[in-house]
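Structure first, then comments.
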Amino acid sequence: MLVMVAEDDGLHRAFARSTIERIWPGEVEVIEAGDGDEAIEIAARRRPPFVVLDLQLPKATGIDVARSIWSRHAETHILFWSNFADESYVRGVARIVPPGSVYGYVLKSASEEGMRSALRGVFSEGHCIIDREVRGIQHRVQDRLEGITDGEYESLIDVALGLTDKAIAMRRGLSTRGAQARIRHLYEKLGIAACEDGADAASVFNSRTRAIYLALARGLVNVDALRREQQRLDAWLGDDARRPDDD
């Protein structure tokens, strides 16, 4: 039984290793990676069928690592292990899980027994084990009335990256009015009353700035997500076919 533990914190990595070795004494080989690039390289070379994966890794994120692993071996069982249940991470995981794949999402605040149960469930029993707090966020994401739709989430990302309405429309293949409508719906979901020009007419808040604050406070976006999205934006801006002058 081969298990890879990808975790940049040495204490957490040692805890995961010792927990795994106590569950399957003498039956398991644990290999370790301290950053995302190393995890991708080791996974491609050793092909571990079981992976414990921190979501906040340097160099390449846990989402990047999981995407790379599943693109080669969709049958790999991955247990995401994180300090955070941010909606950004929950959305990121949901977007890359192949149909029928076995995975789990457990928080580092879980007890040792909780970690052991998650490891057994995902690796030995083939169950998807999701922390209760994470499951609640999944339900919120799927709720059409409360949850932010994928289109609204794209608008939130574009607003956070500083794009104008016109640029958002161009990037997402919408009319300017269509982009503005999405942003208004986003504001409504966040509890912000905005007028047509994007400024809050009823309070002292600027709607765009307020939306970014509320999104950060709620965990809709975080630094990792914005860093990834900035890379995608850079690629889009670097594509000559996407530039406004080409229209």
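The values are calculated or read from the model by the stated rules, or taken from the named source; none is laboratory data. Computed from a predicted structure; not experimentally measured. Note: ideal-geometry Cβ built from the backbone for every residue, glycine included; neighbour counts use all protein chains shown. SASA here: full protein model, heavy atoms, side chains in, ligands and nucleic acids out. Shrake-Rupley method; radii C 1.70, N 1.55, O 1.52, S 1.80 Å.
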Take the alpha-carbon centre of region 1-68, take the same for region 77-137, and report the distance between them in whole Å.
14
Taking the Cα centre as origin and putting +1 on Lys and Arg beta-carbons and -1 on Asp and Glu beta-carbons, what dipole magnitude results for region 61-159, to the nearest 20 debye?
340
With the dipole of region 56-139 worked out from charges on the C-beta (+1 for Lys and Arg, -1 for Asp and Glu) around the Cα centre, which of 103, 88, 58 lies farthest toward the positive end?
58
For residue 59, counting only lysines whose alpha-carbon sits under 30 Å away and dropping same-chain residues fewer than eight positions off, the answer is 108
Expected field for residue 153, accessible surface area in Å² at 1.4 Å probe radius, rounded to 10, holds 10
So with the 1.4 Å probe, I'd like the accessible area per residue for region 17-77, rounded to whole Å².
45
Measure of exposure for residue 218: accessible area at 1.4 Å probe, Å² rounded to 10, is 70
Amide N proximity, region 54-79 versus residue 231 label position 7 Å along Cα-to-Cβ, cut-off under 14 Å
56-69
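Starting from region 11-106, pick out the trypsin sites (Lys or Arg not before Pro) whose DSSP state is loop and whose Cβ has at most 14 other Cβ atoms within 10 Å.
On the way: sites: 13, 17, 22, 45, 46, 59, 67, 72, 91, 95; in loops: 59.
Loop-located and lightly packed - 59.
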Label points 7 Å out from Cα along the Cβ direction at residue 204 and residue 29: separation in nm?
6.4
Run the 1.4 Å probe and let me know the accessible area of residue 127, rounded to the nearest 10 Å².
90
Given +1 on the Cβ of Lys and Arg, -1 on the Cβ of Asp and Glu, and no further charges, what dipole in debye does the chain carry about its Cα centre, rounded to the nearest 20?
400
Among (i) 137; (ii) 127; (iii) 115, the entry derived from the coordinates for volume of the Cα convex hull per residue in Å³:
(i)
For region 24-32, in residue order, the Karplus 3J(HN,Hα) values (coefficients 6.51, -1.76, 1.60; θ = phi - 60°; whole Hz; Gly and Pro = x) are 10, x, x, 10, 10, 10, 9, 10, 10
What dipole magnitude, in Debye to the nearest 20, does region 38-96 give about its Cα centre under +1 on Lys/Arg Cβ and -1 on Asp/Glu Cβ?
260
Accessible area, probe 1.4 Å, largest first, for residues 229, 41:
41, 229
